[in-house]
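The next block holds one structure in the form of structure tokens; read it before the comments.
A short reminder: the numbers here are calculations on the coordinates, not readings from a lab. In this text the structure is predicted, and so the values were computed from the model without any measurement. Quick reminder, even Gly has a Cβ in these numbers, built from the backbone with ideal geometry, and neighbours come from all protein chains shown.
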Amino acid sequence: MLKKQKIYALAAFIALQVIAFAGAAGADKIKIVTSLPDLASIAQEIGGDYVTTFSIAKGYQDPHFVDPKPSYMIRLQKADIFIQVGLDLEIGWIPPLLEGARNGAILPGGKGYIDASVGIPLLEVPTGEPSKLRAEGDIHIYGNPHYWLDPLRGKMIAENIHNGLIRLQPENEAQFRSNLDIFNQKIDALTQNLQDKISDYAGTKVIAFHNSWPYFDERFHFDLVGFIEPKPGIPPSPKHLVSVINHMKQNDIRIIIISPYFSKKSAQLIASKTSAVLIELASSVGAQAEIKSYFDLFEYNINKLIEGIKQAGIIKKNNK
Ligand SMILES: [Zn+2]
């Protein structure tokens with residue numbers, strides 16, 4: 001055999017080995033791409049060993065504004081399932097990615113498309129015309145889209161993902177069902193545990209930078225009374241900051257919550273004028289290295305919140 005032929009033969013052999021290895025390592029698995037890491041975490045719980053998951057947004061990014069990089073199109077092109085929050089949360093970055101991916105199966109109506117919001121009771125659904133609200137700069141035009149921050153709504157997300165998985169692989173229904181049952185049990189226990197933990201501080205008044213927290217507030221019973229943004233997506237004017245400061249002073253509001261991706265400048269200014277405590281909560285899995293799962297997200301946020309409440313000198317109810 002000529003030297004050149006030998007090299008070709010070797011190259012072909014290596015290529016075959018690589019293909020065989022790739023097959024063994026997961027070519028049969030359902031490839032799930034999600035917009036947010038929270039959806040990927042839930043999908044991994046329900047899909048178990050039958051799926052691989054990839055989230056386009058990282059947990060430390062603002063879910064309203066993500067850079068639609070071409071590498072994400074390739075991910076979507078190869079995906080079997082795509083899951084998004086919906087309600088226009090991803091309007092600025094998912095549509096161009098889906099268009100570039102040219103994968104009909106994962107488009108709305110396709111076998112591999114999952115809208116996580118199906119059947120979820122929404123808060124703050126506006127009565128105004130959505131297009132008019134958007135023109136005014138509002139980015140929550142179909143209702144508040146941050147519903148994954150309620151663990152019990154997380155169970156409904158899981159159900160939607162479970163239904164999508166069965167549509168694709170009906171032969172594995174029993175396994176997906178069993179994973180869903182385990183997920184639901186874990187969520188119920190966690191929610192109860194965290195509700196008990198924070199119950200002494202129920203009704204604590206809180207100001208948030210962006211309106212990401214009504215579902216979290218509803219589940220854990222603090223009291224979200226205002227926002228630094230005058231409208232979701234609109235940065236505060238100096239006049240608005242003054243009104244927030246006055247409101248906080250008059251109502252003895254001592255907690256401000258903010259997500260890692262917002263500039264802390266205005267929140268710090270308000271905190272300095274009111275001696276409130278500024279707490280950075282995680283809006284998504286991966287916002288901090290230690291938040292590795294959807295379960296960790298709530299554990300982390302409740303602990304942070306309690307720590308901040310204590311720091312603000314707010315007294316436990318049963319100590320009064
Ligand atoms: Zn928002």
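Compared with the dominant principal axis of the Cα atoms in the chain, helix 265-274 is inclined by about 30°.
Rounded to the nearest Hz, the phi-derived 3J(HN,Hα) couplings of segment 140-145 under the Karplus curve 6.51 cos²θ - 1.76 cosθ + 1.60 (θ = phi - 60°) are 10, 7, 10, x, 5, x, where x marks glycine and proline.
Relative to the longest principal axis of the Cα atoms of the chain, the long axis of helix 238-250 lies at roughly 60 degrees.
Of all alpha-carbon pairs in segment 105-150, indicate the percentage at a distance above 15 angstrom. The proportion of pairs with Cα distances above 15 Å equals 56 percent.
When only alpha carbons are used to place a centre, segment 46-60 and segment 180-225 end up 24 Å from one another. Sorting the segments 143-149, 121-127, 76-82, 270-276 by their residues' average number of neighbouring beta-carbon atoms within 10 angstrom, most packed first, yields 143-149, 76-82, 270-276, 121-127.
In order along segment 170-177, phi translates into HN-Hα couplings of x, 5, 9, 3, 4, 5, 5, 4 Hz, rounded to whole numbers, per the Karplus curve 6.51 cos²θ - 1.76 cosθ + 1.60 with θ = phi - 60° and x for Gly and Pro.
Summarising the amide proton neighbourhood of Thr34: residues at separation of 5 or more, or on other chains, whose placed amide H is nearer than 5 Å comprise Phe54, Ser55, Ile56, Ile83. Note on Gln195/Lys78: beta-carbon distance plugged into 1/(1 + (r/R0)^6) with R0 of 51 Å gives a FRET efficiency of 0.80. Taking 35 Å as R0, compute the FRET efficiency from the Cβ-Cβ separation of Gln169 and Asp138 and round it to 0.05. So, using R0 = 35 Å, E works out to roughly 0.35. A full extension of the chain between Ser275 and Asp62 corresponds to an added length of 74.0 nm, given 0.36 nm per residue minus the alpha carbon distance.
Listed peptides 155-162, 196-203, 280-287 appear in the order 280-287, 155-162, 196-203 once ranked by packing, highest mean of other Cβ atoms within 10 Å at the front.
Taking Lys and Arg as +1 and Asp and Glu as -1, the other residues whose beta-carbon sits under 10 Å from that of Val206 total 0. Counted by neighbouring Cβ atoms within 10 Å, the residues Leu305, Leu241 run from fewest to most as Leu241, Leu305. When the pairs Lys197/Lys264; Lys31/Lys69; Lys231/Lys265; Lys58/Lys273; Lys155/Lys231 are compared against a 22 Å limit on Cα-Cα distance, Lys197/Lys264; Lys58/Lys273; Lys155/Lys231 fall above it. With Cα atoms as the point set, the radius of gyration and Dmax of segment 195-319 evaluate to 14.0, 40 Å.
For segment 293-306, backbone phi angles converted through the Karplus equation (6.51, -1.76, 1.60; θ = phi - 60°) give residue-by-residue couplings of 9, 4, 5, 4, 4, 6, 4, 4, 5, 5, 4, 4, 5, 5 Hz, Gly and Pro being listed as x.
Scaling the Cα radius of gyration of segment 13-192 by the globular reference 2.2 N^0.38 Å produces a ratio of 1.10. Segment Val125..Gln268, full-extension length gain: 48.4 nm, with 0.36 nm per residue of separation and the alpha-carbon distance subtracted. Placing pseudo-labels 7 Å out from each Cα toward the beta carbon at Lys316 and Asp115 gives an inter-label distance of 4.6 nm. In the chain, the longest principal axis of the Cα atoms and the axis of helix 37-47 are about 50 degrees apart. Rg/Rh, computed from the Cα trace of the chain with Rh as the Kirkwood radius, has the value 1.06.
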